[in-house]
Structures are given as C-alpha cells and as structure tokens.
Amino acid sequence: MSPKRVSPEDTKSQPAPAQAPQPTSLKAETTKGQLAGGLSAQGRARLTCKGKPVAWQDIEWYAGKRGELIGTSQTDARGIAEMEGGSISGIFTAIQGEIGGYSVKYLGSEEYLPSEAHGHIVPLFDIGS
C-alpha cells in the first residue's frame, strides 16, 4: 500500500500542529535581609527553558513557602526577575520570611510550563546606631 498523497491545497486548510509547552526551571538566590519593623530584603530569581533565559514573564513572590503574596515582577531579557526592595511587614509574615525564606512561582503560559523555587533569607541585624 502506498502512502497517501497530499496536495498543496490540502495542507493549506489544515492547522499547524500545536507545540506542547516547554519545561522551565526557576531558581531563587539566597539573599540578605534586615529585620527592623518588618523584614526587608531584595530577592532575585532566574527563569530558564533548556538553559536559555525566558524573558518578559511574570514571577510571583511569597513570604516563606507559599505564604503571603509579597508582589509580582517581570523577568528581563536575561530571564532575571527582582523583587525591588521587597518588604515583608506584619510580625507574622516577617517571621515567616525570616524563618522560611521566600518562594517564587511562575504560572506558565501557552509556550512554557509553570515552575517554582525557594530562596533563603540570611538575616542581618542592625545593632545599635
């Protein structure tokens, strides 16, 4: 039996096969933070797909391991997102961040699968000024 021949007209009417979303890797860096009326730290995370940066994607930031949402930032051309001067206020959330660090989550898109990571916060104590 010979293979079915497809005319050029047949291929025009068929939609292109959809590509499956690609896996991503999200890494959160260890950062230093100050505990003074709340925990203040600058978090940094990198989103990649097969080792290459994934740019212009939203990253969610949480206190501890998926605790209170701190905020959202976007990856740059290098796949790096930063929580600029992220501040965790409120005693419970500050303690949660100090003990549990912070978490980042990428919700995914049509092109990329979701991923998440956890970063540690090393506390800096400002003793007497």
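Values computed for the structure shown
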quantity	calculated
Spin-label pair Glu110/Val122, simplified geometry with 7 Å Cα→Cβ offset, distance in nm	4.4
Charge tally in the Cβ shell below 12 Å around Ala55, where Lys, Arg are +1 and Asp, Glu are -1, Ala55 excluded	0
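Any read-out appearing in this document is the output of simple, stated calculations on the displayed coordinates, not a laboratory observation. Quick caveat, the model's predicted, so the values are computed rather than measured. Here Cβ is always computed from backbone atoms with ideal geometry, including for glycine, and neighbour counts include all displayed protein chains.
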